[in-house]
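Just so it is clear, none of the values below were taken in a lab; they were calculated from the coordinates. In this text the structure is predicted, and so the values were computed from the model without any measurement. Counting neighbours? That spans all protein chains shown, and the Cβs are built from the backbone with ideal geometry, glycine included.
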Amino acid sequence: MKILIAMLAVALSTSAVHAKTAKCELTVEGQKYIDSQCEFTAIGDGDGSFIITGSNGYFAYANRDGDQMKGSWNGPDRDSKAHWDLGMLSREGACWVNQTARVCAW
């Protein structure tokens, strides 16, 4: 029984996360940090949240918050965590945008 419970716990804690190749853009304060092919990874529980990861070391998160996304990225120095706030982003086609940032994936 303990083995069955352990196997179930592992199965529930690991979700199938698959990165796909996409054309992406990450622009912050007018500077393009990603403007080429990247990895697009859906995250969360199927609510549309995602990560884009450029081959140059930059990445950004877009996490669903109602009708908007809460954006963050790893900053101009390519930090290991996305702790730089991009604010609330609204949908514009394949992009999520505000006055400061654009996070796009096609």
Let me know the charge dipole size of region 17-105 about its Cα centre in debye, to the nearest 20, where only the beta-carbon of Lys, Arg (+1) and Asp, Glu (-1) is charged. 180
Sum of side-chain charges, residue 27 neighbourhood, beta-carbon under 11 Å (Lys, Arg +1; Asp, Glu -1): -1
I need the shape label for region 28-68. Rule: rounded when a/c is under 1.5, else prolate if a/b > b/c, else oblate, with a, b, c from the alpha carbon gyration tensor. oblate
Could you name the aspartates and glutamates whose alpha carbon sits less than 18 Å from that of residue 23, not counting residues in the same chain fewer than 8 places away? 35, 39, 92
